[in-house]
Amino acid sequence: MTPDIVLVGPGRLGRTVYSALQQAGWSVQMIGRGQAVPAHPLIWLTVPDRAIEAAARATPRGGVVLHASGATDITPLRPHQPAGSLHPLMTFPGPEVATPPMTDLPAAVAGDPDAIAQAERIAAAMGWMTFETGGDRTMYHAAAVIAGNYATTLLGVAARVLAATGVPEQQAARLLAPLALTSLKNAAEVGPQQALTGPVARGDESVIEKHLRALRRADPEAAQVYNALLRATRGLGNATEG
């Protein structure tokens, strides 16, 4: 039986979409390290960015070839044509770890028209919502890293500061998570400017100065993070007033 799609790269994303596509009724062939990539009408390279070019060279020509990178354009896939990309705006710990449902995930598509059409077909099978990205691909990926990776870092810094007050370190992130998640939900629903709360939104400079004094004494690195975020938050506030 000929599979509907060939996936190259059994990493966390590859294993996750392998499972999701199978659940959607697709026949999927997974190719791992050292295995030959077969000729096929639809091949999706779910490999790290650094491996895309080599994987593309090892892929027979003739079908649609996609990659799953957010930071990379389709240049490393050439001379394959049609070529494109399908990048979900989500972090994937792998199908072995319990995660929220994968439906309604935003996913960026780019490339040749026929490749975009196939990327949209794959996404639709898993219930993803696609959008096309133009302009600087690096800026697109930077936005994803700020929202995903650095949001995690920010919670880690906040948890460290809370632990300094005597809260058990293993509980700190969990205690702060409802506040962080609700703030992000509100920002997504009404916009960051409208959802902004706290001392910057209230213009409470005395509270901000107390925070900075305490952080400079106890955790100078966290004070630097606070200061950088303070400047950015004031920028949001100014945008609101404008």
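Selection of first residues in segment 20-35 that are free of Cβ contacts under 8 Å to residues at least 40 places away in the same chain and among the hydrophobic types (A, V, I, L, M, F, W, C) and of second residues that are open to solvent by less than 40 Å² (accessible area, probe 1.4 Å) and part of a loop (DSSP other than H, G, I, E, B), restricted to Cβ pairs under 7 Å at least 6 apart or on distinct chains, gives the following pairs, ordered by first then second residue: 28/3; 31/37. Beta carbons closer than 6 Å, at least 6 apart along the sequence or on distinct chains, pair a first residue in segment 140-157 that is more than 17 Å from residue 68 (Cβ to Cβ) with a second that is part of a helix (DSSP H, G or I) for 155/173; 155/180; 157/222; 157/225.
Of all residue pairs spaced 6 or more apart or on separate chains, those with beta-carbon atoms under 6 Å, a first member in segment 205-222 that is within 12 Å of residue 160 (Cβ to Cβ) and a second member that is among the hydroxyl-bearing types (Ser, Thr, Tyr) are 215/226.
Would you mind finding the one in 189, 209 that is over 30 Å from residue 69 (Cβ atoms) and not hydrophobic (A, V, I, L, M, F, W, C)? Of 189, 209, the one residue that is over 30 Å from residue 69 (Cβ atoms) and not hydrophobic (A, V, I, L, M, F, W, C) is 209.
Results for (1) of a type in the set (D, E, K, R); (2) under 14 Å from the mean Cα position of the chain (by Cα); (3) at pLDDT below 95, shown as yes or no for each residue.
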site: 65; (1), (2), (3): no, no, no
site: 68; (1), (2), (3): no, yes, no
site: 76; (1), (2), (3): no, no, no
site: 79; (1), (2), (3): no, no, no
site: 82; (1), (2), (3): no, no, no
site: 87; (1), (2), (3): no, yes, no
site: 98; (1), (2), (3): no, no, yes
site: 114; (1), (2), (3): yes, no, no
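Taking the criterion of being of a type in the set (Phe, Trp, Tyr) and within 25 Å of residue 211 (Cα to Cα), the only residue of segment 134-159 that qualifies is 150. Scanning segment 22-49 for residues that are of a type in the set (A, V, I, L, M) and either at pLDDT below 95 or part of a loop (DSSP other than H, G, I, E, B) (or both) yields 24, 36, 37, 39, 47.
Out of contact with any helix residue (DSSP H, G or I) (no Cβ under 9 Å at 6 or more places or on another chain) and at pLDDT 95 or above: does that describe residue 231? Yes.
So which residues in segment 179-203 are among the acidic types (Asp, Glu) and surrounded by 13 or more Cβ atoms within 10 Å (Cβ to Cβ), if there are any at all?
none
The criterion of at least 1 residues that are buried (at least 22 other Cβ atoms within 10 Å of the Cβ) is met by the following strands (runs of 3 or more DSSP E) wholly inside segment 50-150: 64-67, 83-88, 106-111. Evaluating residue 211 against the criteria (1) farther than 19 Å from residue 153 by Cβ; (2) open to solvent by 50 Å² or more (accessible area, probe 1.4 Å); (3) at pLDDT 95 or above leaves one unmet condition, (1).
The values are calculated or read from the model by the stated rules, or taken from the named source; none is laboratory data. Being a predicted model, the structure only gives us computed values, none of them experimental. In this analysis, Cβ positions are derived from the backbone assuming ideal geometry, glycine residues included, and neighbour counts consider all displayed protein chains. Surface areas here come from the heavy atoms of the whole protein model, side chains and all, with no ligands, DNA or RNA. Shrake-Rupley method; radii C 1.70, N 1.55, O 1.52, S 1.80 Å.
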